[in-house]
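K.L.:
Quick one: this structure, given as structure tokens, is what I'll be asking you about.
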Amino acid sequence: MSEMKELLRLLGELDDQLVGCMRCGMCQAVCPIYGQSGREADVARGKIALLEGLAHELVKDPQGVQDKVTRCLLCGSCAANCPSGVKALDIFLKARVILTGYLGLSSVKKAIFRGMLVKPKLFNRLLGMASMFQGLFTSPVNDIIGSSCSRFLEPVLGDRHLMLLAKTPLHKEVPSMDTPAGKSGLKVAFFPGCLADKIFPRVGHAVLKVLNHHGVGVFMPEGQACCGIPALSSGDRESYEKLVRANLAVFAAGKFDALVTPCATCTSTMKKIWPMMSEGMSASEQAALRELSAKIMDVNAFVVDKLGLAAPEPNADAVSVTVHDPCHLKKSLGVSAQPRTVLSLNPHYKVTEMAASDACCGCGGSFTLAYADMSAKIGQQKRDNIKNTGAQVVAMGCPACMLQISDMLSRNGDRVSVKHPMELYAEGL
């Protein structure tokens, strides 16, 4: 009964938000999926029209509704360009929660989210074991990018070029940290996120190097969990709330001026979605979420806006680097200039802009698995824009985008390095 009441409450909230859509069609011009398919059902306006009759459609064709709602990258392009201010991302997340609450979670996702992801120690152990044996099933394909492919995993992953799990994740090399503020007078909490921890620990090390160089104290507690967006994107609110509570608990033990992350998706989730999707939590938990979310920053924004660093002139022989603007960084958080400033802090690099730098790369988390062909078509456009710059390096502030763009460049045989801005800055320190 309580679950049904919660579904009805969410349906009511959804109805209140849907009325803002004026059917102007501005979302068509920016939706990466509509740009490929030309189908009205793929654009925000079409999905919102469908959701207006959600209560009826849940009875009539719930699976059909779910299929249409999940065929979305959650990139936020529609919301960022909506003249009416419709919060499409909020709407689609709530719709997924409602649909999963009605239909239930698949056995595979239940095993992944409720069996592993909500148990950080177990999750870390399992991926640690996987990293030991992954070499048996994969073969290197691009030494510049560091990608591999796998015929064994082809039935699940298709012809992707993979970035393998790190041999030693960040949480093994740096289990925890609690250093005082130095010359900057500032102290931050550091949330690496799953991908920077388990696939790109070099990004985490770069961040720590930069913070140490500038005399910033770091609180990095043990027991950090996933930010929760994979579970919430699949409508699993139960797992999502467990992950949020776990992170609230570990960060409650520290005192810090800001909480920084090198992952655009984690930053956006923790700053925007945590407070928005907290209605099922206690009043004290909601208050703690609001207090914490106010301190959350992208690490590039922290370095530029809080430390006030200014870029020197690039060297005459500087390496050309182009910049991809992750959707959750620019469209959700308005962070775009800061990563470019961070890159310019190392005079050995110069920024060469690509066309449509803020166009979605086509990742979208599990979207790239569920809709592999569509994801690859969108990703190919991004690859072409990168290649057309002639840059030797492409930088971005999101490890998920790093996975997708590494895959697309590697599939095309391109020898372009894929880096986080903090890595390139740290090189010069």
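K.L.:
Quick check on my filter: what residues within segment 276-291 are of a type in the set (Gly, Ala, Ser) and either modelled with pLDDT of 95 or more or more than 20 Å from the chain's Cα centre (by Cα) (or both)?
P.N.:
GLY280, SER282, ALA283, SER284, ALA287, ALA288 - these are the residues of segment 276-291 that are of a type in the set (Gly, Ala, Ser) and either modelled with pLDDT of 95 or more or more than 20 Å from the chain's Cα centre (by Cα) (or both).
K.L.:
Give ALA253, ALA231, ALA225 a once-over and let me know the one that is among the aliphatic types (A, V, I, L, M), within 20 Å of MET116 (Cα to Cα) and in a loop (DSSP other than H, G, I, E, B).
P.N.:
ALA225
K.L.:
Considering only residues that are in a loop (DSSP other than H, G, I, E, B) and free of Cβ contacts under 8 Å to residues at least 60 places away in the same chain, which ones fall in segment 259-278?
P.N.:
Within segment 259-278, just SER278 meets the criteria.
K.L.:
Something else now. For segment 316-396, please list each of the strands (runs of 3 or more DSSP E) lying entirely inside it that holds at least 1 residues being in the same structural domain as LEU73 (by TED's automatic domain parsing) and under 17 Å from CYS31 (Cβ atoms).
P.N.:
So the answer is none; nothing clears 1.
K.L.:
Restricting the search to segment 179-219, which residues are among the aliphatic types (A, V, I, L, M) and either under 20 Å from the mean Cα position of the chain (by Cα) or farther than 13 Å from LEU259 by Cβ (or both)?
P.N.:
Result: ALA181, ALA189, LEU195, ALA196, ILE199, VAL203, ALA206, VAL207, LEU208, VAL210.
K.L.:
Pick from VAL97, VAL65, VAL43, VAL69: which is open to solvent by less than 30 Å² (accessible area, probe 1.4 Å) and touching an Asp or Glu at 6+ places or on another chain (Cβ under 7 Å)?
P.N.:
VAL65
K.L.:
Exactly one of (1) among the small types (Gly, Ala, Ser); (2) touching a Lys or Arg at 6+ places or on another chain (Cβ under 7 Å); (3) on the phi < 0 side of the Ramachandran plot; (4) open to solvent by less than 50 Å² (accessible area, probe 1.4 Å) is unmet by ALA80. Its number?
P.N.:
Among (1) among the small types (Gly, Ala, Ser); (2) touching a Lys or Arg at 6+ places or on another chain (Cβ under 7 Å); (3) on the phi < 0 side of the Ramachandran plot; (4) open to solvent by less than 50 Å² (accessible area, probe 1.4 Å), ALA80 violates only (4).
K.L.:
Which residues, taken from segment 398-415, are assigned to a helix (DSSP H, G or I) and polar (S, T, N, Q)?
P.N.:
Matches in segment 398-415: GLN404, SER406, SER410.
K.L.:
ALA310: open to solvent by 40 Å² or more (accessible area, probe 1.4 Å), outside the structural domain of GLY390 (by TED's automatic domain parsing) and either assigned to a helix (DSSP H, G or I) or over 27 Å from ALA80 (Cα atoms) (or both), yes or no?
P.N.:
yes
K.L.:
Out of ALA355, ALA294, report the one residue that is farther than 23 Å from ARG415 by Cα, more than 16 Å from the chain's Cα centre (by Cα) and open to solvent by 40 Å² or more (accessible area, probe 1.4 Å).
P.N.:
Answer to the check: ALA294.
K.L.:
Looking only at segment 397-420, decide whether some residue is open to solvent by 40 Å² or more (accessible area, probe 1.4 Å) and among the acidic types (Asp, Glu).
P.N.:
no
K.L.:
If you don't mind, there's one more thing I want to ask. Which number in (1) within 29 Å of ARG96 (Cβ to Cβ); (2) buried (at least 24 other Cβ atoms within 10 Å of the Cβ) marks the one condition that GLN286 misses?
P.N.:
Exception for GLN286: condition (2).
K.L.:
Taking into account only those residues within segment 368-390 that are modelled with pLDDT of 95 or more and open to solvent by less than 30 Å² (accessible area, probe 1.4 Å), which is farthest from the chain's Cα centre (by Cα)?
P.N.:
Within segment 368-390, the match that is farthest from the chain's Cα centre (by Cα) is ILE386.
K.L.:
Is it the case that LYS350 is open to solvent by 40 Å² or more (accessible area, probe 1.4 Å) and touching a residue at least 40 places away in the same chain (Cβ under 8 Å)?
P.N.:
Criteria not met by LYS350.
The values are calculated or read from the model by the stated rules, or taken from the named source; none is laboratory data. This structure is a prediction, so every number in the text was calculated from the model and none was measured. Neighbour counts run over all protein chains shown; Cβ positions are idealised from the backbone, glycine included. When the accessible area is computed, the model is the full protein with side chains, heavy atoms only, and any ligands, DNA or RNA have been set aside. Shrake-Rupley method; radii C 1.70, N 1.55, O 1.52, S 1.80 Å.
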